[in-house]
Amino acid sequence: MPVERVSVTQAASEVIDRLRDEHGELMFHLSGGCCDGSSPMCYPAGEFRLGGRDLYLGDIHGCGFYMHADQFEYYKNSHTIVDVVEGRGASFSLEIPLGLRFLIRTHIFSDEELADVRPVVAAN
Amino acid sequence: MAYQRPEFKEQYENYIGGEWVAPIDGKYFDNTSPVDAGFIARIPQSNAKDIDLAVEKAWEAAATFNKTSSAERSMLMFRIADRIEENIEKLSMVETCDNGKGMRETLGADLPLVIDQFRYFGGCIRTESGSVTNIDSDTVSMEVHEPLGVVAQIIPWNFPLLMAAWKIAPALATGNCIVIKPAEQTPVSLLVLMEIIGDLLPPGSLNVVNGFGVECGKPLASHPNVKKVAFTGETSTGRLIMQYAAENIIPATTELGGKSPNIFFESIMDEDDEFLDKAIEGFVLFALNQGQVCTCPSRALIQESIYDKFMEKCLARVEAITRGDPYELSTMMSAQASNDQYEKIMSYIDIGKQEGAEVLTGGSAYKNEQYPNGYYIEPTVFKGHNKMRIFQEEIFGPVLAVTTFKDEDEALEIANDTQFGLGSGLWSRDVHQVHKVSSGIQAGRVWVNCYHVYPAGASFGGYKNSGIGRENHAMMLNGYRHTKNVLISYNKNKLGFF
């Protein structure tokens, strides 16, 4: 089994279940830039149009997790853990009306982990 | 001098058609202050129905407002500016309470810039004109400007009133009616502003609808009857906004952030004078607005030959930043805007440490004894290299990443090694170097021997992934209007084809 690039906490998984009950299948795209940049954005699957430069990093709790190639350049050595906190991020992410915000926590891969990490593939 | 938390109503409504209108489904959310995590007011949790109503009312108003004279619109801008100026202390206190930024900044920068924005566009719209060309002796071409009609605007939480002004002023100046949605973290200051300026505006020309992004922002951005969308925020929402605009075949302007380099060349240390003092302040400006600025100078590039001496002075200045009560004018750094932003910044401080960057100062939360429940973080300076995530991602907090360079070429290489291109700064006493480096930087704004100044009339916008469009300048007028070409022939003879 390769080392995964993304994972999810139990608390975030429970929020994903709540959102899936309401909205159906979901997807995540990691934002960049100002305000709510570098935050995992949760959308109904297919809502966000994935482009030729988006990458698929793996699944979290049954949802595809994607990132733009420009941003992935700096995530090659990072394991990304999707967690959830109380708060009110802006953006169109689905959890915000619940008074919750997904956020990422990070583990920098060791050399051994990097040798066996899951390869990324184009989103489409 | 100390100000205090202002008084608010228990509950606010949407401002639609010149009236305070309750959300159709009757839902509200609690707005809290990042200063102390305390309750401010209940805010409408609007949805597509409220957006539909606001767009409808905006179009009703557009029937007349689209046709108002430039003299009327110019006067409207000036009256709005005057009214804000009369209420500057109140609005500054409201902004401090809603956003967490200190009175030192709201009263000293945010609100004066809001006032300036309206006066600038009031002047622009009165003094500019379209153009007329004689194509040949019998043919006259007129380029005539017309407003788009009704436009949608979604604003961020880091400068709630100023970013609203950057979007509202050019849109109203060009005769458009607006439906605007403030960020859900900072909704109340624009509502208080509408209490103050509402009577000056033709009913329906400026409509404010509050709510969450997915419930309220998305229906606004994707609405079939808005003719343009303007957005400031991050890249995923920016792409969604442009995606919806593409579906409706309307223009979108977006400002999506940056990771701005601030470059310090060795000549700044040639003398120990007021300019060196200014450059040191330029380094410390990463802490302005607690780092929550799209153009935060969050990467400092320092020439190797001056690194030790310059950094000693800079770190001493960072450590002299005063903390305390955001309502006290002497307090230099205040609260982060929200709990989730606080958590995100702390996670990036953790990433910097894990990546092996060296903490030169700060690196932890700040305990504000007066407001133990607020969201406060120490100004933090890391030393590392440009491939680290803290050098590449906009943390949007008081976190500075410092590295060194040998010469101009290496400075430019590092400065441009980023997916963004919004702000940048360079500090030098050498005019030839200033020209070469400012030409080489791939960013929409290069501050030379200054930083974080935003006078109306100096365009602002991004290269690369930082977005599309230029605000804060007369050129944004054309972002809010059509150009109609009226081509007139005075020749009585036919073309001769048929």
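From the helices alone, meaning DSSP H stretches of at least four residues, give me the mean residue ellipticity at 222 nm for chain A, per-run term -39500 (n - 2.57), in deg cm²/dmol to the nearest 500.
Numbers: 3 runs with 23 residues, N = 124.
Estimated from H runs of four or more residues: -5000 deg cm²/dmol.
Please compute the net charge surrounding B:Thr32, taking Lys and Arg as +1 and Asp and Glu as -1 over other residues with Cβ under 13 Å from its Cβ. Mind showing how you got there, number by number?
Numbers: positive: A:Arg88, B:Arg5, B:Arg42; negative: A:Glu86, B:Asp30, B:Asp36, B:Asp98, B:Glu184, B:Asp340.
Neighbourhood net charge equals -3.
Over the Cα atoms of region B:35-119, each weighted equally, I'd like the Debye log10 I(q)/I(0) at q = 0.15 Å⁻¹, rounded to two decimals.
-0.84
Stretched out fully, how many nm does the piece from B:Lys492 to B:Ala365 gain, at 0.36 nm a residue minus the Cα gap? Spell out each step's value before the answer.
Details: separation 127, 0.36 × 127 = 45.72 nm, distance 7.86 nm.
Using 0.36 nm per residue and subtracting the Cα-Cα distance, I get 37.9 nm.
As an exercise, use a Förster radius of 30 Å and the Cβ-Cβ distance of B:Ser69 and B:Glu19 to find the FRET efficiency, rounded to the nearest 0.05.
Details: r = 26 Å, r/R0 = 0.85.
Computed FRET efficiency for B:Ser69 and B:Glu19: 0.75.
Could you work out how far helix B:307-319 tilts from the main Cα principal axis of chain B, as a 0 to 90 degree angle to the nearest 10?
Its long axis makes an angle of about 70 degrees.
When Lys and Arg each count +1 and Asp and Glu each count -1, what net charge do the other residues less than 15 Å away from B:Pro187, Cβ to Cβ, add up to?
Details: positive: A:Arg88, B:Lys9, B:Lys27, B:Arg42, B:Lys181; negative: B:Glu10, B:Glu13, B:Asp30, B:Asp50, B:Glu95, B:Asp98, B:Glu184, B:Glu195, B:Glu215.
Charge balance near B:Pro187 sits at -4.
Helix A:10-23 sits at what angle to the longest principal axis of chain A, using alpha carbons and giving 0 to 90 degrees rounded to 10?
Helix A:10-23 sits roughly 50 degrees off the main axis of chain A.
Give the separation of the Cα centroids, region B:49-99 to region B:272-336, in Å.
With region B:49-99 and region B:272-336 each reduced to a Cα centre, they are spaced 35 Å.
Lys/Arg Cβ at +1, Asp/Glu Cβ at -1, dipole of the protein assembly as shown taken about the Cα centre: which of A:Val84, A:Met1, B:Val151 is farthest positive-ward?
B:Val151
Binning at 5 angstrom from zero up to the longest distance, how are the C-alpha pair distances of region A:6-118 distributed in percent?
Reading upward from the zero bin: 2, 11, 23, 26, 20, 11, 5, 1, 0.
If all Cα-Cα distances of region B:261-448 are sorted into 5 Å bins from 0 onward, what percent lands in each bin, rounded to whole numbers?
In whole percents, the pair-distance histogram is 1, 8, 17, 21, 20, 16, 9, 5, 2, 0, 0.
How far is helix B:339-354 tilted, in degrees, relative to the longest principal axis of the Cα atoms in chain B, given as a value from 0 to 90 rounded to the nearest 10?
The angle comes out at about 50 degrees.
Can you compute the helix-only [θ] at 222 nm over chain B? Use -39500 (n - 2.57) per DSSP H run of at least 4 residues, normalise by all residues, nearest 500 deg cm²/dmol.
Values: 14 runs with 169 residues, N = 498.
Theoretical 222 nm ellipticity from helices: -10500 deg cm²/dmol.
Find the Cα radius of gyration of the protein assembly as shown, compare it with 2.2 N^0.38 Å by division, and give the number to two decimals.
Values: Rg = 24.6 Å, N = 622, 2.2 N^0.38 = 25.4 Å.
Output field value: 0.97.
For each cysteine in chain B, check whether another cysteine's C-beta sits under 4.7 Å from its C-beta; list those where none does.
B:Cys97, B:Cys124, B:Cys177, B:Cys216, B:Cys296, B:Cys314, B:Cys450
With charges only on Cβ, +1 for K and R and -1 for D and E, what is the dipole size of the protein assembly as shown about its Cα centre, in debye, rounded to 20?
On the way: 54 positive and 83 negative charges, 365 e Å.
Approximately 1760 debye in magnitude.
Based on the alpha-carbon gyration tensor of chain B and its eigenvalue square roots a ≥ b ≥ c, which shape applies: rounded if a/c is under 1.5, prolate if not and a/b is larger than b/c, or oblate? Before the final figure, lay out the partial values.
Working: a/c = 1.99, a/b = 1.30, b/c = 1.53.
In terms of gyration-tensor shape, oblate.
Rule-based calculations on the coordinates, nothing more; no lab input. A quick note: this is a predicted structure, and the numbers were derived from the prediction, not measured. Cβ coordinates were reconstructed from backbone atoms using ideal geometry, including for glycine residues, and neighbour counts include every protein chain displayed.
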